[in-house]
Amino acid sequence: MAAEELPSEFDVVILGTGLPESVVAAACSRVGQRVLHLDRRSYYAANWASFTFNGLLSWIQQYQEEPQPKEVQDWSSLLDEGEELVYLSNPDSASISNLQVFCFTSEEDEEEAQSSDLPNPTEEKAVNEDTDVKPSADSNEEATTEKQETVGGAEEEQVTPTEGEEQDTDKPHLSTAQSQLEPTRKRITYAHLVKEGRRFNIDLVSKLMYSRGSLVDLLIKSNVSRYAEFKNVTRILTYRNGNVEQVPCSRADVFASRQLSVVEKRKLMRFLTSCMEETEEHQAYSGRPYLEFLCDQKLGDNLQHFLLHSIAMVTEDTPIEEGLAATRHFLRSLGRYGNTPFLFPLYGLGEIPQCFCRMCAVFGGIYCLRHSVDCLVVDKDTNRCKAVIDNRGQRISCSHFVVEDSYVGKKAAAPRRLLSRAVLITDGSVLPSDSDQQVSMVTIPPVAARYPVVKMVELCPSTMTCIPGTYLVHLTCQSAGSAYEDLAPVVTRCFHTPDSPDQENRPSVLWCVYFNMVDGSGVELEGHGLPSNVYVCSGLDSTLGHEYAIRQAELIFQKILPEEDFCPPAPNPEDIIYDGENPSTPAGEEDEDGAGEEGKREQSQTQE
Amino acid sequence: MSLQETHASQSMFLLDTHCQRKEGILDEEALQVTQQLLSSNPDFATLWNYRREILMHLETVKEKDEVQKIYEAELAFLESCLKLNPKSYGSWHHRCWVSARLPRPDWSRELSLCDRCLSLDDRNFHCWDYRRMVVKVSGVPVAQELGFTDRLIGSNFSNYSSWHYRSTLLPLLHPESPESPSPSHEPPQPSPSHSPQTQSHRVCEEQLLKEYELVQNAFFTDPNDQSAWFYYRWLLGRAEREEMISCVYVSRDEERVAVAFSRPVNAQSVSLLLVLDGQPQKVEWKSVHPRFKHSPVCICDLPPGTISDITNEHNLTVHWTEKYTHRDCALYTGRTESWCRDSATDQELFRSELSVEKTSVLQSELQSCNQLLELEPLNKWCLLTIVLLMRALDPLGYEKETLAHFQTLKEVDPMRSAYYSDLCSKFIIENTVLKMEYAEVRVFSITDKNLTTLCHLDQLLLVTHINLSSNQLQQLPPQFAMLQCLEVLEVDNNRIENLEGVYHLPKLEEVLLKNNKISALADLQPLASCPKLRRLDLRGNPVTQAANIESELTALLPSVTDLLL
């Protein structure tokens, strides 16, 4: 790492590169604030990150190891008069818990014997031996460097998704994968997953972007959208009576649906139209459950299930106001980009915080990974944070400090809620259709009493999150027990696993991981015994959209810079008008967006 | 470069190209210059013309491969123009032209271009037109095209273009099987006038049922979308009425023959042959009113004295030579008039709207529409379709419901209440005609039914007594002159301003016009053409307030002996 010192003065120092922190960073940098953005981790996006398969294995390993107690260094020598030190808590490694990994596919590379005529099997073997079985410290290192490349070169990679390098090695593999698929499905081995591991982008959080949600609006408004590409979620599914069914939600879906009678179609369309506006009828149900309202509409079981679980995505006791608001949010987002209300970013959700970081860097923000803040320097009189001291003992003065909640952990509201997560790599879709490139959102009502509602997102290879022949499945719910206890029953119902050997016709789980994450929603922005110019970004929330994180980022920004516009549009390089007579001199803004961008990125990399 | 500069330089360019064209410069440089201009404004027909001139010239001087290349470049350039303005007339037209001249056209590429364009705007009619051209020239199979409409309708069913395209494809792919009975069944003899097209727009029943299901899905999903309803009406079918002479009437006193046809004909040019007692007669056929050339009723006057002797019996045949059809009529001794007509059933008369389908199909369609109406009691498309289905099934049996539905229609769609009133009037008249047919009387009476318009007057050729009192009629239209046997006309309590149709009615004796809006003497002028008019009731009309009205009327209508003012 570069021994170079950082500049010693910033306007805003931000610790943690999760989504809200990154948005705050971009917003501040965009309006001219000097931003220093740090993360103690070796990768961007904190718990919002996406990992390659190998990267995820190292991440798992890291959490399975005992955290080493960090010795607290005394930096009081750096204090001036009238100042005191406030130490940040140790990063709260308990934000991830109950990690359990299962591999249901054969560890051996069994394809070798059967397919010795395939191109260069020896080379494949060689690669396997390198990275197979135990993800060593080496592969850990490898994974992280890869990750950083993605941050820097995200755009280039996306513009030309098949770079020369990939074409050499991946094309033969791709054809192998496909040729394997034809005879039997259970041919993808663990070795294959590891070998192709870098083509996975596995998200820690599982969310979708509402087409008219605040994240999409912000991406558009700020022009950050140009750093990423998106794909429509192509269908909404639900698990009902032991089957996975498609939920008709758009006008075209309803029209085409084969499972609804024409009368049901009319009732559904009419209900969806009528709930867009507040009516007296709605008010009459004020405070009563949404389900009760649905029952009284005489919609029938089919429609009631769709409306409650798949469209509003609420539970049976959700009050009508919340149910209607959720339904409206869903409907408003419908049809903007396609037949479902959701978008998913190519290469995974971890792209989004990185896009904002990039915007921040373009406007001069400085980035350091593996770099943390040990303590705050607080003015005793004003109770304001004057500076921070990083883990190398450099005092960096700042006017505002934003920090992710894991550094404030212990004092936060007593019993933290948890989210249960499962990530599955499977060999087929839960609902096969004409196209094998479906991105599906699946809602799964409680499988039995006291079980939570589960949201499942199934990603196909064209989302650039998994390899051909596989699907990446994310399951999320609010925890009732451990992730395994909550989600394994759903997995055994929807998929073919050793626990559900009779479901031969369902897709098989090749590999899966269960873990719990802290549900950070409800953590206060301020307080926690911290100075008034320190703001805490809570972690994830359990909802499907990004409203919570974006609202939080905007609130923090408004507290820091109450007079400034939140993420105004960044100039588009194509819109810059050159002076006709002097085209060789680029305008100032072009500098920032073009050549300057590279320069800044280099700078931020050298800092690491 | 600033906007103004661009403008200035553009007009300079324009001037240049104009001169170049005049000088007949047809080289590649000119192609370049016009390309530059058109890429900023593709809607410049003159420039496209110039380009075509250049291209045609280049064709003559270049090798075939080079020509291919030039035209391919032209297609690429056109694509960029279409991106600029996807509805540019000039660009699409030019693309048609280029595609037709391309030595080795790549139609599949053109099709995929259209698909891309339609996926961005599925109602771009320029693209639809172009696509039709491509499909026709490249011979895309009909089944594949039907699949294409499936796809478009699936993604957005509010699109007339796709539904309409479907309606042209289905009869080609699933034509009606010849053995199924159809009301417009032709006699086995060859009939050159009946082109195969008139028959082949029907679709076989199996496919029809599938289409009903499809379109029902659409209108149940969104009953306010009209495209589906219009397609539905097309499916339900519009029968072609058989072309025939529906009635021949002969009157001894007037020595006049009136012929009614199943559709309006041009009285002057229609090829009719009148044979009286075996002798072809040379007569002049004319329409009943000079206002229209085409009319479903034609009249002719026989040479004086041919049938006036009441003791003679005459046999009369009218041949419609071009349609190979004829009708006989016998005038027996002692009779002053005679007629011959089909005992018309409702089927033949008025079911032309929706008539082709079997009753069972219509019945089940009515059921599903009623189901929809239960959910959407105020949907006008649904109401209107139900009315039409009821008419097709049993116009008299459903009369009450039909009238109630019309009332609702006028309330939910006040903008079109006049249309509904007229349509309702039409149906009331049809029902009354039917009742009259069943009762075999020559009296026609519709009173107090809010009639706003008169129609089917050709069906009333034989009526002697008509009572239309207490309605909303504003005029007696020229078609009224078809009532050749009319003796008594009662139209009290209407809003009549105009009597144009009371014209040369040979037997008319009484006209009761109490409480109408006749305001000028001139409006009564047509009555002067009715020779037998004796009694006229004008009470409650503005015209009665005029000075000297009585004497002027006597002068105008000398035959009237009983004048009520």
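The values are calculated or read from the model by the stated rules, or taken from the named source; none is laboratory data. Small disclaimer: the values here were computed from a predicted structure and weren't measured. So basically every Cβ, Gly included, is an ideal-geometry build from the backbone, and we count neighbours across all protein chains shown.
Yes/no per residue for (1) under 10 Å from B:Val250 (Cβ atoms); (2) of a type in the set (Phe, Trp, Tyr); (3) at pLDDT below 90:
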{"site": "B:Thr306", "(1), (2), (3)": "no, no, yes"}
{"site": "B:Asp309", "(1), (2), (3)": "no, no, yes"}
{"site": "B:His314", "(1), (2), (3)": "yes, no, no"}
{"site": "B:Thr317", "(1), (2), (3)": "no, no, no"}
{"site": "B:Glu322", "(1), (2), (3)": "no, no, yes"}
{"site": "B:Ala330", "(1), (2), (3)": "yes, no, no"}
{"site": "B:Thr333", "(1), (2), (3)": "no, no, no"}
{"site": "B:Ser338", "(1), (2), (3)": "yes, no, no"}
Quiz prompt | the stretch B:428-460 - residue that is among the polar types (S, T, N, Q) and outside any helix (DSSP H, G or I) and, of those, surrounded by the most Cβ atoms within 10 Å (Cβ to Cβ) | solution = B:Thr452
Quiz prompt | Entirely in the stretch B:246-340, the strands (runs of 3 or more DSSP E) that have 3 or more residues that are closer than 15 Å to B:Cys485 by Cβ | solution = B:256-266
Quiz prompt | Filter pass, A:Asn391 being in contact with a strand residue (DSSP E or B) (Cβ under 6 Å, 6 or more places away or on another chain) and touching a residue at least 40 places away in the same chain (Cβ under 8 Å) | solution = yes
Quiz prompt | Failed criterion for A:Leu215 (all others in (1) within 14 Å of chain B (Cβ to nearest Cβ); (2) assigned to a helix (DSSP H, G or I) hold) | solution = (1)
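Every residue, every condition in (1) surrounded by fewer than 18 Cβ atoms within 10 Å (Cβ to Cβ); (2) within 14 Å of chain A (Cβ to nearest Cβ), yes or no:
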residue: B:Gln226; (1), (2): yes, no
residue: B:Tyr231; (1), (2): no, yes
residue: B:Glu243; (1), (2): no, no
residue: B:Tyr249; (1), (2): no, no
residue: B:Arg252; (1), (2): no, no
residue: B:Ala258; (1), (2): no, no
residue: B:Phe261; (1), (2): no, no
residue: B:Ala267; (1), (2): no, no
Practice problem: Confirm whether A:Gly242 is more than 11 Å from every other protein chain (Cβ to nearest Cβ) and in contact (Cβ under 8 Å) with a residue 60 or more places away in the chain. | Solution: yes
Quiz prompt | Residue in the stretch A:480-493 that is aromatic (Phe, Trp, Tyr) and buried (at least 23 other Cβ atoms within 10 Å of the Cβ) present | solution = no
Quiz item: Which one is nearest to B:Ser80 (Cα to Cα), of the residues in the stretch B:108-160 that are of a type in the set (Lys, Arg) and more than 14 Å from chain A (Cβ to nearest Cβ)?
Solution: B:Arg116
Quiz item: Out of all the residues in the stretch B:204-224, which are in a helix (DSSP H, G or I) and more than 7 Å from every other protein chain (Cβ to nearest Cβ)?
Solution: B:Glu205, B:Glu206, B:Gln207, B:Leu208, B:Leu209, B:Lys210, B:Glu211, B:Tyr212, B:Glu213, B:Leu214, B:Val215, B:Phe219
Quiz item: Can you tell me which residues in the stretch A:296-309 are within 14 Å of another protein chain (Cβ to nearest Cβ) and either surrounded by fewer than 18 Cβ atoms within 10 Å (Cβ to Cβ) or under 33 Å from the mean Cα position of the chain (by Cα) (or both)?
Solution: A:Gln297, A:Lys298, A:Gly300, A:Leu303
Exercise. Tell me which residues, restricted to the stretch A:436-468, are hydroxyl-bearing (Ser, Thr, Tyr) and without any contact (Cβ under 8 Å) to a residue 60 or more places away in the chain.
Key: A:Tyr451
Exercise. Test each condition in (1) farther than 20 Å from B:Glu313 by Cβ; (2) in contact with a strand residue (DSSP E or B) (Cβ under 6 Å, 6 or more places away or on another chain) for B:Val270 and report the one that comes out false.
Key: (2)
Quiz item: Just for the stretch A:245-295: of the residues that are exposed (fewer than 12 other Cβ atoms within 10 Å of the Cβ) and under 28 Å from B:Cys369 (Cβ atoms), which one is nearest to the other protein chains (Cβ to nearest Cβ)?
Solution: A:Arg258
Exercise. Collect the residues in the stretch A:221-239 that are within 21 Å of A:Pro341 (Cβ to Cβ), part of a loop (DSSP other than H, G, I, E, B), more than 14 Å from chain B (Cβ to nearest Cβ) and not acidic (Asp, Glu), keeping them in residue-number order.
Key: A:Ala228, A:Val233
Quiz item: In the stretch A:396-414, is there at least one residue being among the hydrophobic types (A, V, I, L, M, F, W, C), at pLDDT below 85 and in contact with a strand residue (DSSP E or B) (Cβ under 8 Å, 6 or more places away or on another chain)?
Solution: yes
Exercise. Would you check if B:Leu409 is away from every other protein chain (no Cβ under 14 Å), at pLDDT 90 or above and in contact with a helix residue (DSSP H, G or I) (Cβ under 7 Å, 6 or more places away or on another chain)?
Key: yes
Practice problem: Find the strands (runs of 3 or more DSSP E) located wholly in the stretch A:313-426 whose residues include 1 or more that are in contact with a Lys or Arg (Cβ under 9 Å, 6 or more places away or on another chain) and among the small types (Gly, Ala, Ser), and list them. | Solution: A:384-390, A:395-397
Exercise. Return the residue satisfying two criteria in turn: it lies in the stretch A:460-479 and is under 24 Å from A:Asn98 (Cα atoms) and among the hydrophobic types (A, V, I, L, M, F, W, C), and of such residues it is surrounded by the fewest Cβ atoms within 10 Å (Cβ to Cβ).
Key: A:Cys477
Self-check item: Residue, nearest to the other protein chains (Cβ to nearest Cβ), within the stretch B:372-396, restricted to residues that are over 22 Å from the mean Cα position of the chain (by Cα) and not in a helix (DSSP H, G or I)
Solution: B:Glu376
